[in-house]
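A.B. asks: Handing you a structure now.
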Amino acid sequence: MSLWIKQEKTYYYVNYDESEKLREKYVYYKSRLYDDTIAFTFVPQPKRVFNSDYMVEQMMSQLSIDDEVKDIVKRDFKIIPLDHLQFLIDNDIKIVKSLDETYYDGNNKIIGINKQKPKEGMVAHELGHAFVDINNLYENCELKTIMQDILENSLKVSSNYINNDMYTYVESDKFIRKYQGRTYILYKEYLDKKVKLEFDMLEEYVSVGYETFVINPKLLYTKDKDLYDFFEKGGLKNENV
């Protein structure tokens, strides 16, 4: 059956049978929406930040950055949260060209960038070190608990050669890559029981985690939700020491 419906001086042709079926479906699904027997799981989809070129230029103009590494810095600044970039400005952290490895120098508040080995997230990685250093993040109770849990539930302790020295590594299924479990403790000292592993010896845990939070937040959310949540809710500011 069909009919014409008048609405605000306009006539609409409606198939009555079809409209009735649509109405029944609407009523059914609306009732099911509030049915407690149905489990609805809403999974958040973490997304990368994308700052405008204008905001990136504004941030960069307030920092001392070597010309030779500006392109690399700009690439990372596009995806680092603006309040985290403000941290660099507030703490007068300089970004310079490095002839060796990319690094963070806490004594002089310098991030060194090796332009011969450009990689997305390299600035974010060193910024993670700066957060730990300047904000004393190892004193943060929540982060301490997260890292102690990583250590206590680690898969095993292994080793890896770096610059002809063998260092101690902790392995965990929550790590993005093996380097996240690196310590700066020589493996021989660990084997000889001269050193007991403590959570704050996992010096690459936060930096690799933060690097991933910036370039691939969904991966960090999947691998280590506790650390993702810590970053997401502003734990880097260390307001709950």
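A.B. asks: Using modelled amide H (1.01 Å from N, peptide plane; none on Pro or chain starts), what sits under 5 Å from the amide H of Ser98, excluding residues fewer than 5 places away?
C.D. replies: Under 5 Å from the amide H of Ser98: Ile113, Asn114, Lys115.
A.B. asks: Separate question: Please go through the residue pairs Lys117/Lys225; Lys144/Lys225; Lys117/Lys156; Lys119/Lys174; Lys94/Lys115 and name each one whose alpha carbons sit more than 19 Å apart in this structure.
C.D. replies: On the way: Lys117/Lys225 30 Å; Lys144/Lys225 15 Å; Lys117/Lys156 31 Å; Lys119/Lys174 22 Å; Lys94/Lys115 16 Å.
Correct reply: Lys117/Lys225; Lys117/Lys156; Lys119/Lys174.
A.B. asks: May I ask you to order 53-62, 227-236 by the average number of other C-beta atoms within 10 Å around their residues, highest value first? Intermediate results must be reported in sequence, preceding the final value.
C.D. replies: Numbers: 53-62: 13.5, 227-236: 19.0.
Output ranking for 53-62, 227-236: 227-236, 53-62.
A.B. asks: Count charges around Lys109 for me, please; just the other residues with Cβ under 14 Å from its Cβ, Lys/Arg as +1, Asp/Glu as -1. Let's see the in-between values first.
C.D. replies: Working: positive: Lys94; negative: Asp90, Asp92, Asp105, Glu126, Asp133.
So the surrounding residues net to -4.
A.B. asks: Here is a follow-up. With every protein chain kept in place and ligands, DNA and RNA left out, what is the accessible area per residue of region 53-182? Probe 1.4 Å, answer in Å².
C.D. replies: Working: 6630 Å² over 130 residues.
Result: 51 Å² of accessible area for each residue.
A.B. asks: Separate question: By accessible area of protein heavy atoms, probe 1.4 Å, what ranking do His129, His84 get, highest first?
C.D. replies: Details: His129 40, His84 20 Å².
The most accessible residue leads, giving His129, His84.
A.B. asks: Calculate one ³J(HN,Hα) per residue across region 207-224 by plugging θ = phi - 60° into the Karplus curve 6.51 cos²θ - 1.76 cosθ + 1.60, and present them in order as whole Hz with x for glycine and proline.
C.D. replies: 5, 5, x, 5, 4, 6, 4, 7, 8, 8, x, 5, 5, 5, 4, 6, 7, 8
A.B. asks: If you don't mind, there's one more thing I want to ask. If r is the Cβ-Cβ distance from Tyr103 to Thr222 and R0 is 22 Å, what FRET efficiency results, to the nearest 0.05? Don't skip to the end; give the middle numbers.
C.D. replies: Numbers: r = 29 Å, r/R0 = 1.31.
Once rounded, the FRET efficiency stands at 0.15.
A.B. asks: Using bins 5 angstrom wide from zero, how does P(r) for region 79-164 break down, in % of all Cα pairs?
C.D. replies: In order of increasing distance, the bins hold 3, 12, 18, 18, 19, 16, 11, 4 percent.
A.B. asks: Give me the dipole magnitude in Debye, nearest 20, for region 108-186 about the Cα centre, with unit charges on the beta carbon: positive for Lys and Arg, negative for Asp and Glu. The partial results should precede the final answer.
C.D. replies: On the way: 10 positive and 10 negative charges, 82 e Å.
Approximately 400 debye in magnitude.
A.B. asks: Residue farthest toward the positive end of the dipole of region 75-150, with Cβ of Lys/Arg at +1 and Asp/Glu at -1: which of Tyr138, Val123, Gln86?
C.D. replies: Toward the positive end, the furthest listed residue is Val123.
A.B. asks: Assign one of three labels to region 95-241, namely rounded, prolate or oblate, based on the Cα gyration tensor with a ≥ b ≥ c the square roots of its eigenvalues; rounded applies when a/c is under 1.5, prolate when it is not and a/b is larger than b/c, and oblate otherwise.
C.D. replies: Numbers: a/c = 1.45, a/b = 1.06, b/c = 1.37.
The shape class here is rounded.
A.B. asks: Work out how much length Val49 to Asp66 would gain on full extension: take 0.36 nm times their residue separation and subtract the Cα-Cα distance, in nm to one decimal.
C.D. replies: Result for the pair: 3.7 nm of gain on full extension.
A.B. asks: For region 114-122, what does the Karplus curve 6.51 cos²θ - 1.76 cosθ + 1.60, with θ = phi - 60°, yield as ³J(HN,Hα) per residue in whole Hz, taken in order and with x for Gly and Pro?
C.D. replies: With coefficients 6.51, -1.76 and 1.60, one gets 8, 6, 7, 10, x, 8, 4, x, 5 Hz.
The values are calculated or read from the model by the stated rules, or taken from the named source; none is laboratory data. Quantities reported herein were computed from a predicted structural model and do not represent experimental measurements. In this analysis, Cβ positions are derived from the backbone assuming ideal geometry, glycine residues included, and neighbour counts consider all displayed protein chains. What goes into the accessible areas is simple: the full protein's heavy atoms, side chains included, and nothing from ligands, DNA or RNA. Shrake-Rupley method; radii C 1.70, N 1.55, O 1.52, S 1.80 Å.
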